[in-house]
Each structure stands twice: as structure tokens, then as C-alpha cells.
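Each remark here refers to the structure printed beneath this line.
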């Protein structure tokens, strides 16, 4: 057994997901939960559960000291951080290791290096991975931003170096817009990440978002587990993801996989990670950022490769070598994931509240990842994603058909969800054809929005 | 009289006005916070804030009355 006991420093569907693999490996699990999550399914699923504080994340799920204390008290020798929350916090990784607890993820050094988007761009460029043309260093003030943008030409993408989830990020089309956006985004980034450093990238028009899943062990073995297409997004938040990408040809797939491996090697990366790229119609690809953690959309990769990514994370953290060579990995069939959000399907406003009835679809080639249950109170304190639905087919068309039937079967009462919106999106001819770009939702469904 | 209602469920993050205060049509009265989104609720008309029905930290449902405004 790689570990005696694993504490999951997360909540919702991903905590449940990680516990399932721990159960498969016969590793007991420890849950930590906030006051708002007392009745959550993940708390009951764990072998032991500890309350760690108030409803707001900084009172509980971001409290490193308390989480580490719980791990010690429970005798957990490893912590899985999931995604979001503390998963990409280099200090947390460091503090776990100092406490003699294995952080199931990369080294604190790698997290830090990739957490600064400016540093990440420099590292990747030096490693020979194509990056989006843009500023090499931090842009200190609005005047520098203006002169830089004049040089590369509008529109430009203004980004926060510490950014994530679209915060501090904005496309600007004119100098006026840039002047206005620079200060406000820098301030936003300062508030959210404690770092207001900004940089500028050229806008890659009509790009696809395609990312490569990586696995890297402590013995220099780095594998890519192919790509995921994540172009269906709203406000830089992914909604639908699939594997393989309908865009890539075999040659580009190979090249992007090799580039991702090169990127991981350049920083001596270990554990699971994802390199995000923007890809244009001519199959040119550019490094966007690296996520040094498990991705929300990892199940589509698992479905088409048969690899349990969480299991590999645990083995790698326990210093086991990867058991495959690159040639051993293959894509079989096609998988699509939709994210189910507690939100109004027309206004997209959050819709917390009590779930009266919850009945997910069942059947072959249907996989559910669920963080809630009937009579559960979806609290306003956390992310609106309450579940994920993944379907698999021999072909993309099969996977879409199964997904459509499954979505029609899904019953959630008591709160509003995006289920009707998801059905509209997968019925759209551009989605059916597999030619959606990152601008798809905005252009086809939110025409009145900017 | 006009009732100002919440357009989403969430908690009251900030109250920006006091009872008795003169408010203008576009002025934000409170900011609701839900699932990482902040939504300001504005006055919709010029008037005096007759009654404030929430305080910071309260949970409101969609459609709950947040404030009562008296037209001027």
C-alpha cells in the first residue's frame, strides 16, 4: 500500500472522486469539512471526518495549519489537494512536506514556477516550446502597456501574472480600453492573488483550447496522455470538454505531446500536470499555461485511455515508477464531459438552495461525478459546479447521442441548473460538427453580451 | 413605494446605504455574493430608502425583498 491513510483537502465532487480511487487501493481516507458541508456526501464517504471551521473558504478549506493538524491527528501520511483551493499553493506543498506528510502533487518549486505566468512563459520559451507572442517581462505601468500594445497591434490580451479562472484577464481592442482596463485588472489581481503584476499577449483569433495531460515520475519518465479539447467556455470557464480533440491531426497531436513532455522535463516536473495550449486553424499551437494539479476534466482522458489518473498521482507520490512507455498508451473511442452548474440557464446567475430531488442518468457508457444528493443544501459559499456527467462512445457521434439521452434523463429539482443550456449547446450544429472555438458560446448564445 | 428584490439567491456581502438616505435610480444599495460572483442590487428609481430588510451576512432567496423605497 503506497500510503497508510490519505487526507483529502477538498470538497464536493472531486473529494468523492479521489476517495473512490483510495477505496479501490484500500487506502483509508480522511475528510475535512466546513460548517456548510456537514451533510455533504464526501464527508460521509470518508473513513474519518474532521470539521475545520467556518463556511467561507479562508475560514476552513484554505486554513493550511488546521488541515495539516488534522492529518497528523488522523495519522494520514499523505494529502491530496484536488483542484482549486490549496492545490496550486506552493506554501501548502512545502508545509505538508515539512510536517512529514506527502503532498500528492508536484514539488513546491514547480508549483511556484508555473504559478507566475510570466516566469512560466520565459521557462517554456527557453525550453523551445512555442509561446504566444507577448511581453517578455512584467509591464510596470500603463504607459509601457500602451507602447507595447502599439507595437504588437490590437486587439491584445491583458493578463495578470498570478491569474487564474479568467480573473485579471481581458481582451482590449483600443488604446482607450487598455488604459481603462490596465488599472482595474491590476487592482483585481492584487485583491485576488496578492500580486498585481500584469503582462500582455497577442490575441490568437478564433483559437481552440487544447491541453495535454502529463504524467511524470521521480525517475525521469514523462508520458503524455494525449489531449483534451476544451473550447466550449463562457468567460474563460470551461463547460464541455472532450477527448480526443476533433481539431488535431495525428501529426499535431504527436508534436504537441512531445512539446508538453519537453516542457515538463525542462522544470523536472513530477506527478500529474496539464499543459494548456491555444491552437489555430492551421494547427499552430502556443503555450498558454501549465496547471500543476489534477484537472476538473481529467475523466475524459481516463475514459479514452483506461488510466486512472488519481491512482497514478498516488503511485507517483509514493515514488513508484510509471509502468508504461509512451508507445503503450492509446486512445480508444471518444469521451465528452459536461459540467453541471447550479445557475440560472438564461441569466447565468448562481442558484444556491436546497435540492429537492436528485436523480442522475444511469446506463452503460455513462459516468457520473457528483458532489450533492437529494435534500442537500447547495450553499452560496463555493463554486457553482455540483456534478459532472461523462459519456463515452465508439465515435464522437455516439458519445454525443449518449450524452443527449443522459442529459434528458437527468433530474434535479429545487435549484436551477444549466442542464437546459447544455442540451442547447450540444444540439448546436457547430458543436455537432466539432468545430467549436473559444468564442463559440459568446458568439452563438450570448450575442448581446460583450 | 417600491420593493427592491434580490435577483439571485446568495448572502448579503455589503450594505452600502442607511435607512432614511436619499438614493438615486442607478445607485447600488447592497452587494450580494453567491458562488464567487458579486451582484450589486440597485435602486431602480430615485427616492428615499424607507426600510432596509437585510444586514450583512444574511442569506436571501431569489425574490426576497431587500429594501423598500419611497418615491420622491
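The values are calculated or read from the model by the stated rules, or taken from the named source; none is laboratory data. Remember, it's a predicted structure, so these values are computed and weren't measured experimentally. So basically every Cβ, Gly included, is an ideal-geometry build from the backbone, and we count neighbours across all protein chains shown.
Do the conditions hold for residue A:309, that is, is it more than 23 Å from residue A:88 (Cα to Cα), touching a strand residue (DSSP E or B) at 6+ places or on another chain (Cβ under 8 Å), surrounded by 18 or more Cβ atoms within 10 Å (Cβ to Cβ) and at pLDDT 95 or above?
no
Within the range A:205-236, how many residues are outside any strand (DSSP E or B) and surrounded by fewer than 21 Cβ atoms within 10 Å (Cβ to Cβ)?
9
Working only within the range B:7-21, note down all residues that are over 13 Å from residue B:67 (Cα atoms) and more than 12 Å from chain A (Cβ to nearest Cβ).
Across the range B:7-21, the qualifying residue is only B:14.
Residues that are within 14 Å of chain A (Cβ to nearest Cβ), surrounded by 15 or more Cβ atoms within 10 Å (Cβ to Cβ), assigned to a loop (DSSP other than H, G, I, E, B) and touching a residue at least 24 places away in the same chain (Cβ under 8 Å): does the range B:23-46 have at least one?
For the range B:23-46, residues within 14 Å of chain A (Cβ to nearest Cβ), surrounded by 15 or more Cβ atoms within 10 Å (Cβ to Cβ), assigned to a loop (DSSP other than H, G, I, E, B) and touching a residue at least 24 places away in the same chain (Cβ under 8 Å): present.
I need every pair where a residue in the range A:329-351 that is within 9 Å of chain B (Cβ to nearest Cβ) has its Cβ under 6 Å from the Cβ of a residue that is at pLDDT below 95 and surrounded by fewer than 16 Cβ atoms within 10 Å (Cβ to Cβ), sequence separation at least 6 or different chains.
That search, which allows pairs on different chains as well, returns A:350/B:37.
Results for (1) crowded, with 24+ Cβ neighbours inside 10 Å; (2) over 20 Å from residue A:319 (Cα atoms), shown as yes or no for each residue.
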{"position": "A:4", "(1), (2)": "no, no"}
{"position": "A:10", "(1), (2)": "yes, yes"}
{"position": "A:25", "(1), (2)": "no, no"}
{"position": "A:28", "(1), (2)": "no, no"}
{"position": "A:36", "(1), (2)": "no, yes"}
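If residue A:62 passes every condition in (1) crowded, with 20+ Cβ neighbours inside 10 Å; (2) at pLDDT 95 or above; (3) within 30 Å of residue A:120 (Cα to Cα) but one, which one does it miss?
(1)
Tell me, please, whether a residue that is crowded, with 16+ Cβ neighbours inside 10 Å and more than 28 Å from residue A:345 (Cα to Cα) can be found in the range B:3-14.
No, there is no match, as no residue in the range B:3-14 is crowded, with 16+ Cβ neighbours inside 10 Å and more than 28 Å from residue A:345 (Cα to Cα).
Which of the residues belonging to the range A:392-416 are in contact with a helix residue (DSSP H, G or I) (Cβ under 6 Å, 6 or more places away or on another chain) and either part of a strand (DSSP E or B) or within 14 Å of chain B (Cβ to nearest Cβ) (or both)?
Residues satisfying the conditions are A:392, A:393.
Identify, please: which residue in the range A:38-59 is assigned to a helix (DSSP H, G or I) and without any contact (Cβ under 8 Å) to a residue 60 or more places away in the chain and is, among those, surrounded by the fewest Cβ atoms within 10 Å (Cβ to Cβ)?
Pass one, the range A:38-59, residues assigned to a helix (DSSP H, G or I): A:41-45, A:57-59.
Pick out the ones that are also without any contact (Cβ under 8 Å) to a residue 60 or more places away in the chain and you get A:43-45, A:58-59.
Details: A:43: 18, A:44: 11, A:45: 17, A:58: 9, A:59: 15.
Looking at the filtered set, the residue picked out is A:58.
Suppose we keep only residues that are more than 26 Å from residue A:182 (Cβ to Cβ) and modelled with pLDDT of 95 or more within the range A:107-128. Which one would you say is surrounded by the fewest Cβ atoms within 10 Å (Cβ to Cβ)?
If we take residues in the range A:107-128 being more than 26 Å from residue A:182 (Cβ to Cβ) and modelled with pLDDT of 95 or more, then A:109 is surrounded by the fewest Cβ atoms within 10 Å (Cβ to Cβ).
Name the single residue that is farthest from residue A:414 (Cα to Cα) among those in the range A:366-379 being assigned to a loop (DSSP other than H, G, I, E, B) and away from every other protein chain (no Cβ under 14 Å). Steps first, please.
Taking the range A:366-379 first, the residues assigned to a loop (DSSP other than H, G, I, E, B) are A:371-376, A:379.
Subset that is away from every other protein chain (no Cβ under 14 Å): A:373-376.
Numbers: A:373: 12, A:374: 9, A:375: 9, A:376: 10 Å.
My answer is A:373.
What residue, among those in the range A:418-439 that are touching a strand residue (DSSP E or B) at 6+ places or on another chain (Cβ under 6 Å) and either at pLDDT below 95 or outside any helix (DSSP H, G or I) (or both), is surrounded by the most Cβ atoms within 10 Å (Cβ to Cβ)? Steps first, answer last, please.
Taking the range A:418-439 as the starting set, the residues that turn out to be touching a strand residue (DSSP E or B) at 6+ places or on another chain (Cβ under 6 Å) are A:418, A:422, A:436-438.
Those still in the list that are either at pLDDT below 95 or outside any helix (DSSP H, G or I) (or both) too: A:418, A:436-438.
Numbers: A:418: 24, A:436: 26, A:437: 23, A:438: 20.
Checked the range A:418-439; the qualifying residue surrounded by the most Cβ atoms within 10 Å (Cβ to Cβ) is A:436.
Within the range B:54-64, restricting attention to residues that are touching a strand residue (DSSP E or B) at 6+ places or on another chain (Cβ under 7 Å) and surrounded by 14 or more Cβ atoms within 10 Å (Cβ to Cβ), which residue is nearest to the other protein chains (Cβ to nearest Cβ)?
B:59
Would you mention how many residues in the range A:1-16 are within 18 Å of residue A:103 (Cβ to Cβ), part of a helix (DSSP H, G or I) and in contact with a strand residue (DSSP E or B) (Cβ under 6 Å, 6 or more places away or on another chain)?
1
What pairs come up if the first residue lies in the range A:380-391 and is at the interface with another protein chain (Cβ under 7 Å from one of its Cβ atoms), the second is in a strand (DSSP E or B), and their beta carbons are under 6 Å apart, counting only those six or more places apart or on different chains?
Every condition considered, the pairs that remain are A:380/B:10; A:380/B:11; A:380/B:34; A:384/A:341; A:384/A:343; A:384/A:350.
With (1) farther than 17 Å from residue A:200 by Cβ; (2) touching a helix residue (DSSP H, G or I) at 6+ places or on another chain (Cβ under 8 Å); (3) in a helix (DSSP H, G or I) as the list, and residue A:150 as the residue in question, which single condition is left unmet?
Against the list (1) farther than 17 Å from residue A:200 by Cβ; (2) touching a helix residue (DSSP H, G or I) at 6+ places or on another chain (Cβ under 8 Å); (3) in a helix (DSSP H, G or I), residue A:150 comes up short only on (1).
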